[in-house]
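Q: Below: one structure in structure tokens.
The values are calculated or read from the model by the stated rules, or taken from the named source; none is laboratory data. Because the structure is a prediction, the values reported are computed rather than measured. Cβ sites come from the backbone with ideal geometry, for glycine too, and all protein chains shown count toward neighbours. Surface accessibility is based on the protein's heavy atoms, side chains included, excluding ligands, DNA and RNA. Shrake-Rupley method; radii C 1.70, N 1.55, O 1.52, S 1.80 Å.
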Amino acid sequence: MTTTERTSERTTERRPRRAFDRDKALEIALTEFWRHGYETTSVAMLTKAMGINPPSLYAAFGDKRQLFSEAVQLYSRTHGSQGARALDEPTARGAVEALLRFAAADYADPSHPPGCFVINGATNCTPAAEDVKAELRAVREATKRAIEEKIAADVATGQLPDTVDANALATFYAAVIQGMDTQACDGVDRATLERVADIAMAAWPDA
């Protein structure tokens with residue numbers, strides 16, 4: 001064995017080997033953040049749930065803050081993508097109703113923590129976690145803007161009256177969705193949330 005080969009072998013031996021499924025660990029981290037919120041979820045809680053030690057977490061994800069951002073991205077690719085698909089409906093009314101139906105089903109789904117991670121992931125944070133709150137707020141605002149744009153487009157084409165305030169109507173339905181989240185966290189079931197969606201859609205302006 002040459003000197004170069006021996007050096008390479010020693011370097012390989014010193015390099016920490018990742019003995020866990022990173023994708024699975026990220027799913028677990030998402031659940032922990034979803035259930036407890038960013039600041040309440042400690043590194044100790046994360047490593048215990050993920051079945052790894054702190055050095056492995058830092059080697060794989062950087063730190064808790066970076067891990068949280070990856071969890072947000074994972075949520076957007078999974079649960080969040082279902083909500084995003086609702087916005088592909090051809091009309092604003094169809095998009096809003098699809099969002100409400102998705103919220104009723106997903107927020108009360110017993111297979112994961114109740115409610116919406118993007119709404120609950122950074123509640124009651126201290127000023128030190130303002131960037132975390134801002135990250136989730138940006139996701140929520142993007143959804144509200146998308147609803148507003150759908151409404152404005154329908155106003156422009158005459159599918160909604162020109163008296164409709166697109167921003168106010170979008171904010172109203174965003175508030176309904178956030179209220180459904182709170183109700184789900186309080187234990188309200190899907191059937192009740194579906195009725196909330198029914199009543200909210202009854203408020204949709206006539207064409």
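Q: Looking at 156, 197, 50, which one has the Cα that reaches farthest to the positive end of the dipole of the chain (charges on Cβ: Lys, Arg +1; Asp, Glu -1)?
A: The listed residue farthest towards the positive side: 50.
Q: So what's the angle, to the nearest 10 degrees on a 0 to 90 scale, between helix 64-77 and the longest Cα principal axis of the chain?
A: The angle comes out near 50 degrees.
Q: Treating the angle as unsigned and between 0 and 90°, give the value, to the nearest 10°, between the Cα long axis of helix 92-107 and the longest Cα principal axis of the chain.
A: 50 degrees
Q: At 222 nm, what helix-only mean residue ellipticity would the chain give, in deg cm²/dmol to the nearest 500, using -39500 (n - 2.57) for each DSSP H run of four or more? Write down the numbers at each step before the final one.
A: Details: 11 runs with 145 residues, N = 207.
Calculated at 222 nm, the ellipticity per residue is -22500 deg cm²/dmol.
Q: Between residue 159 and residue 202, what is the FRET efficiency for a Förster distance of 25 Å, r being their Cβ-Cβ separation, to the nearest 0.05? Present the calculation step by step, with values, prior to reporting the outcome.
A: Values: r = 18 Å, r/R0 = 0.72.
Result of the calculation: an efficiency of 0.90.
Q: Next up: Place a +1 charge on the Cβ of each Lys and Arg in the chain and a -1 charge on the Cβ of each Asp and Glu, then give the dipole magnitude about the Cα centre in debye, rounded to the nearest 20.
A: On the way: 24 positive and 30 negative charges, 222 e Å.
The calculated dipole for the chain is roughly 1060 debye.
Q: Distance between Cα centroids, the stretch 41-65 to the stretch 147-185: provide it in whole Å.
A: 39 Å
Q: While we're on this one: How much length, in nm to one decimal, is gained on full extension between residue 149 and residue 128, taken as 0.36 nm per residue of separation minus their Cα-Cα distance? Intermediate results must be reported in sequence, preceding the final value.
A: Values: separation 21, 0.36 × 21 = 7.56 nm, distance 3.33 nm.
Value of the extension gain: 4.2 nm.
Q: By per-residue mean of other Cβ atoms within 10 Å, what is the highest-first order of 126-132, 38-44, 116-122? Present the calculation step by step, with values, prior to reporting the outcome.
A: Working: 126-132: 11.9, 38-44: 15.3, 116-122: 24.1.
Result, highest mean first: 116-122, 38-44, 126-132.
Q: Here's another thing I want to ask about it. For the chain, what is the accessible area per residue in Å² when the probe is 1.4 Å?
A: 54 Å²
Q: Computing the accessible area with a 1.4 Å probe over protein heavy atoms, can you report the carbon and sulfur percentage for the chain? It would help to have the intermediate numbers written out before the result.
A: Working: 5810 of 11180 Å².
Roughly 52 percent of what the probe reaches on the chain is carbon or sulfur.
Q: Further, regarding this structure: Of the options 100, 36, 114, report the single residue whose Cα projects farthest towards the positive end of the charge dipole of the chain (beta-carbon charges: Lys, Arg +1; Asp, Glu -1).
A: Checking the options against the dipole of the chain, the answer is 36.
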